[in-house]
Amino acid sequence: MKKLFLYIFLILTWCNVGFAECIEGDCTNGQGTWRWAEGDKYVGEFKDGKRNGQGTWTHPSGEYYVGEFKNNKRHGQGTFTWADGDKYVGGWKYDKQHGQGTITWADGGKYIKR
């Protein structure tokens, strides 16, 4: 039974990795484009096979992020835009909003984080 679970785990892991790929450029150490099976796409800089530096991530739902990445995470300055038009512009640390920034809602409302 343990072997069965191990085989299933390995197959699922392979399938998940098997449908994500570098479709253009150098996705190891350079500039490239990476696409996931779900439709997510990243265009930007890579270091050691990870998103690192300036780049743009887009999701099929319409959400997107433009800014800095470090070790595959949003890190530094960047702008995240939700599908409904709401937007956060500011600092990021390890994929979370961090420090100063501004949230602007699609209806024009605004909140400034300090």
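Every number in this text was worked out from the coordinates using simple rules, so none of it is lab data. Computed from a predicted model, the values in this text were never measured in an experiment. Here the Cβ is made from the backbone with ideal geometry for all residues, glycine too, and neighbour counts use every protein chain on show.
Give me log10 I(q)/I(0) at q = 0.15, 0.16, 0.17, 0.18 Å⁻¹ for the range 23-86, Debye formula, one equal scatterer per alpha-carbon, no solvent.
Listed by q, the Debye log ratios stand at -0.42, -0.47, -0.53, -0.59.
When the C-alpha atoms of the range 57-114 are aligned to their principal axes, what extent does each axis show, in angstrom, from largest down?
Answer, in whole Å and largest first: 34, 31, 12 Å.
Counting pairs on different chains as well as pairs 8 or more places apart, how many Lys pairs in the range 18-109 have Cα atoms under 12 Å apart? Provide the component values of the computation, followed by the final result.
Values: K47/K70; K50/K70; K50/K73; K70/K93; K73/K93; K73/K96.
Number of lysine pairs found: 6.
Once you charge only the Cβ atoms, +1 for Lys and Arg and -1 for Asp and Glu, what is the size of the charge dipole of the range 18-109 about its Cα centre, to the nearest 20 debye?
Values: 11 positive and 13 negative charges, 76 e Å.
I would put it at about 360 debye.
Just subtract the alpha-carbon distance of D107 and K41 from 0.36 nm times their residue separation and send over the number in nm, one decimal. Spell out each step's value before the answer.
Numbers: separation 66, 0.36 × 66 = 23.76 nm, distance 2.77 nm.
Full extension of this stretch gives 21.0 nm more.
Points 7 angstrom from Cα along the Cβ direction at E63 and I23: gap in nanometres?
That separation, rounded to one decimal, is 2.0 nm.
Give the calculated FRET efficiency between D48 and T79 to the nearest 0.05, with a Förster radius of 25 Å applied to their Cβ-Cβ distance.
Details: r = 25 Å, r/R0 = 1.01.
The computed FRET efficiency comes out at 0.50.
Which ordering of Y64, Y111, Y88 is given by a fewest-first count of other beta-carbon atoms within 10 Å?
So the ranking, lowest neighbour count to highest, is Y111, Y64, Y88.
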